[in-house]
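The values are calculated or read from the model by the stated rules, or taken from the named source; none is laboratory data. For clarity, every value in this text was computed on a predicted model and none was experimentally measured. Neighbour counts run over all protein chains shown; Cβ positions are idealised from the backbone, glycine included.
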Amino acid sequence: MIDRKALWISITVLLAMLAAGIWRFSMLPDWHHLPLDGPASKHAVNGLVLFISPFGLFVATVSMYGRKWFAAGSDEAVRPWRRWSTMFVISYCALVGLMQAFIIARSLGYGLAVDRMSFARIAMAAAGILLMAAGNVMPKLPGLSMRLRCLQLDPWQQNRQLRLSGKLMFGLGLSMVCIAAFLPLLPQKILFPLILGPCLAMTAALLWHRVKLKREPSPRP
């Protein structure tokens, strides 16, 4: 439920990130080793890391834009959702685009004057703050009716679902800020599970809560 301008910005950034990632990936002698501090660096990660940010942007864009096919409401109700989704997607584009550019530039030996760990901590903290801000606004958004009957909730149920969504998104952002704070102390092998785990838990919790709400009778006015 984003406007066309935000959609085209997201598509442009996504294609640029994919093109840059494929180009850098094709230059690696061994795709298991992407140098982090220049071609001669001993610090390396799996080359597939170049596609994590584009994948995240793709998921965010599809989920935000695809809402228009599943949700419906008056112009007055849809407008705040469109504004919220647009601001989130554009902010996320700027963040992941900068992260992708930094990773590729450092792997080629550029930007070495910038401390890698400091940049990673700032980027992760910024992503967490973005999620916290989005989660704080979500419960204040108006409820929308769902086109699919299996997803339809009444106003009381929608309010409950939005409140939980906002809390979980805020909690996910807070966890990322905490990870950023302790990033130098954490082994690199557990970073991806630490980030992916809460995302999957949040998705599962929202699905379970929606099913639970469907089975609960709404209080009579």
Original post:
For the subset of the range 12-41 comprising residues that are among the charged types (D, E, K, R) and surrounded by 13 or more Cβ atoms within 10 Å (Cβ to Cβ), which member is nearest to PHE55 (Cα to Cα)?
Top reply: ARG24
**OP:** Look through the range 155-192, keep the residues that are aromatic (Phe, Trp, Tyr), surrounded by fewer than 18 Cβ atoms within 10 Å (Cβ to Cβ) and free of Cβ contacts under 8 Å to residues at least 40 places away in the same chain, and return whichever of them is nearest to VAL49 (Cα to Cα).
**Re:** PHE192
Original post:
Do we have SER74 as surrounded by fewer than 14 Cβ atoms within 10 Å (Cβ to Cβ), closer than 23 Å to GLN188 by Cβ and of a type in the set (Gly, Ala, Ser) here?
Top reply: no
**OP:** Please enumerate the residues belonging to the range 193-221 that are free of Cβ contacts under 8 Å to residues at least 24 places away in the same chain and part of a loop (DSSP other than H, G, I, E, B).
**Re:** PRO217, ARG220, PRO221
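Here is a yes/no grid of residues against (1) not in a helix (DSSP H, G or I); (2) not aliphatic (A, V, I, L, M):
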residue: ARG79; (1), (2): no, yes
residue: ARG83; (1), (2): no, yes
residue: ILE90; (1), (2): no, no
residue: VAL114; (1), (2): yes, no
residue: SER118; (1), (2): no, yes
residue: MET124; (1), (2): no, no
residue: LEU130; (1), (2): no, no
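Answer yes if at least one residue in the range 67-88 is under 23 Å from LEU50 (Cβ atoms), among the aromatic types (Phe, Trp, Tyr) and within 11 Å of the chain's Cα centre (by Cα), and no otherwise.
The first filter runs over the range 67-88 and keeps only residues under 23 Å from LEU50 (Cβ atoms), leaving none.
No, the range 67-88 contains no residue that is under 23 Å from LEU50 (Cβ atoms), among the aromatic types (Phe, Trp, Tyr) and within 11 Å of the chain's Cα centre (by Cα).
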Subject >> Evaluation of ARG82 against (1) farther than 30 Å from LEU185 by Cβ; (2) of a type in the set (Lys, Arg); (3) at pLDDT 90 or above (one fails), failing number >> reply: (3)
Original post:
Are any residues in the range 42-86 polar (S, T, N, Q) and either free of Cβ contacts under 8 Å to residues at least 12 places away in the same chain or within 29 Å of ARG4 (Cα to Cα) (or both), and if so, which ones?
Top reply: SER53, THR61, SER63, SER74, SER85, THR86
